[in-house]
Amino acid sequence: MLSADFGNLNRDIEMVNTSNADWFHLDIMDGVYVPNISYGFPIVSHIHLNAKKPLDVHLMIVDPDRYFNEFKAAGANILTVHYEACTHLHRSVQRIKDLGMKVGVALNPHIPVSLLSEIIKDIDFVLIMSVNPGFGGQKFIENSIEKIERTKELIIAKQSNALIEVDGGVNVQNAKRIFNAGCNVLVAGNAIFNAEKPEAYIKELKEV
């Protein structure tokens, strides 16, 4: 939803509601962890009130543990934190689960997948950032394909049920390669909202 038209937010929420998309993906940025600011609890709550699908909330913020309760109250169904943003990642993961939300851990392009070895069985999602976080419309980092493959290998080796989510530069041109590498969930923003027919574009992505 970062790429949505916030002057016509209800229209874009309804587009996602009626489309083949499974979730709403909400990027929360604080201007500290990433060099950009997006939106906070009022917007999340507004989307929740109008959404007919789960909210996948991606926290690109420092010290995210401060706000777990608030994001739960705002309507988050899935809460994803960044590996290096949590001083005690296992504790953060358990708190999110205790609040009744599914939990993901995001890895920036420079973070190796091996660092999740001790926690992969405790999480529901690994979010592979295929761009550097902070801005929409960036080009897909090609090395992400190998990273997705390594993540899949780790999940199998550790007998984890975690799904692989990929965010950044996703479009119909690269979606098949991303899926073939082991991805389960595609996050697309700029490609969809800049398309002439967003619902048709979502349908095309789903059919890859």
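Restricted to the stretch 110-208, the set of helices (runs of 4 or more DSSP H) holding at least 3 residues that are over 17 Å from the mean Cα position of the chain (by Cα) comprises 144-157, 175-181, 198-206. Checking R11, R66 one by one, the residue that is among the basic types (K, R) and within 25 Å of A200 (Cα to Cα) is R11 and no other. Does any residue of the stretch 115-133 turn out to be surrounded by fewer than 17 Cβ atoms within 10 Å (Cβ to Cβ) and under 18 Å from V62 (Cβ atoms)? Yes.
Only one entry of V32, V44, V81 meets the criterion of being outside any loop (DSSP other than H, G, I, E, B) and either farther than 22 Å from I123 by Cα or not aliphatic (A, V, I, L, M) (or both), and that entry is V44. Here E14 meets each of (1) crowded, with 16+ Cβ neighbours inside 10 Å; (2) of a type outside the set (K, R); (3) not in a strand (DSSP E or B) with one exception, condition (1). Among residues of the stretch 123-174 being closer than 23 Å to L26 by Cβ and acidic (D, E), the one that is modelled with the lowest pLDDT is D167. Residue under question is K203, and the condition is that it be farther than 30 Å from I119 by Cβ, charged (D, E, K, R), touching a residue at least 24 places away in the same chain (Cβ under 8 Å) and surrounded by fewer than 16 Cβ atoms within 10 Å (Cβ to Cβ); does it hold? Yes; evaluated as a whole, the condition is true for this residue.
The values are calculated or read from the model by the stated rules, or taken from the named source; none is laboratory data. The shown structure was predicted, so the numbers you read here are calculated from the model rather than taken from an experiment. For neighbour counting, all protein chains shown are included, and Cβ atoms are generated from backbone atoms with ideal geometry for every residue, glycine included.
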